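Here's the structure, in structure tokens; my notes come after.
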Amino acid sequence: MITNGTTGETVACKVVRCDTFWKRGRGLMFRRRRAIGVLLAALLVGQIGLGISNVLFSLPLGLAVAHNLGAALLLATLAAANFRRY
């Protein structure tokens, strides 16, 4: 920390340092939100695809189970995203 004996310069250095750490943390927060958003989009597309496949192939057991598993993963991801936001 740079000080020249004046309180103003010391406070200014602390403010700049806090602002730098805040921006770094904010960037990390946005990267995590983006990653969760991409995961949510991928799970949603997969869920829609599995739902359409279930209808087209007359509900085979494997696809129905995969569709239910996809729904559970989608719900868990949404809950995690909501928990991180609030």
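The values are calculated or read from the model by the stated rules, or taken from the named source; none is laboratory data. Note that this is a predicted model, so its numbers are computed, not measured. Note that we place each Cβ from the backbone using ideal geometry, even for glycine, and neighbour counts take in every protein chain shown.
Whenever a residue of region 39-54 is in contact (Cβ under 8 Å) with a residue 40 or more places away in the chain, it has no partner that is part of a helix (DSSP H, G or I) and surrounded by fewer than 12 Cβ atoms within 10 Å (Cβ to Cβ) lying with C-beta atoms less than 6 angstrom away and at least six residues away or across chains. For region 29-36, the criterion of being out of contact with any strand residue (DSSP E or B) (no Cβ under 7 Å at 6 or more places or on another chain), at pLDDT below 95, assigned to a helix (DSSP H, G or I) and surrounded by 14 or more Cβ atoms within 10 Å (Cβ to Cβ) is met by at least one residue.
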